[in-house]
C-alpha cells in the first residue's frame, strides 16, 4: 500500500487543500467521499470548508480554524517542517476517536467511528501486550503532483472511484 499526500495551493501559493490517494496492486484509489447525511457537500479531501462542515455536523470545536486553517498551516510549511511518522498510543482518548465510539456515550454523528470496543486501546494494555510492535516506512518520495507513483502503476493509470 502506498499513500500519496498532495498539498495543493492557490495562485498565491497559499495552501488550500490536502488530497490523498492510495496505490495498491498497480491501481490508484481516490480517497472516498464523506457520507454524512446532515451536510449538503460531501468531501474527498481536506479543506477549510470540509473541516468546518464536518466539525459542525459532529458538534466538535473547529480548533483548526481557530489556529488559522489551511493558510496558517501552509505558512508554517513554507517556514520548514520535519516529517515525523511513528507508531503510538493515546493516553487521553485511548485511540477511540480513530476506530471506536468517542466520546463513548455519543451516538450521533461523530461518536461512532468504527467497530472497536470502547474498552479497547488502553495504553497499559497496548504497551504490555504489544511491546514488540513495529512499523517500517520506506520509499518516501517528494515531487510534483502525480509524479511520485507512476512507476507503481500497471499499464496505464486507472483511477478507481469508490
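The values are calculated or read from the model by the stated rules, or taken from the named source; none is laboratory data. A quick note: this is a predicted structure, and the numbers were derived from the prediction, not measured. So basically every Cβ, Gly included, is an ideal-geometry build from the backbone, and we count neighbours across all protein chains shown.
Within the stretch 9-17, is there a residue that is within 21 Å of residue 109 (Cβ to Cβ) and either modelled with pLDDT of 95 or more or outside any strand (DSSP E or B) (or both)?
Looking for residues that are within 21 Å of residue 109 (Cβ to Cβ) and either modelled with pLDDT of 95 or more or outside any strand (DSSP E or B) (or both), one finds none in the stretch 9-17, hence no.
Kindly check whether there is at least one residue in the stretch 80-89 that is surrounded by 12 or more Cβ atoms within 10 Å (Cβ to Cβ) and at negative phi.
yes
To keep it simple, each residue is scored yes or no on (1) closer than 21 Å to residue 4 by Cα; (2) under 16 Å from the mean Cα position of the chain (by Cα); (3) at pLDDT below 95; (4) surrounded by fewer than 13 Cβ atoms within 10 Å (Cβ to Cβ).
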site	(1), (2), (3), (4)
29	yes, yes, no, no
43	yes, yes, no, no
98	yes, yes, yes, no
102	no, no, yes, no
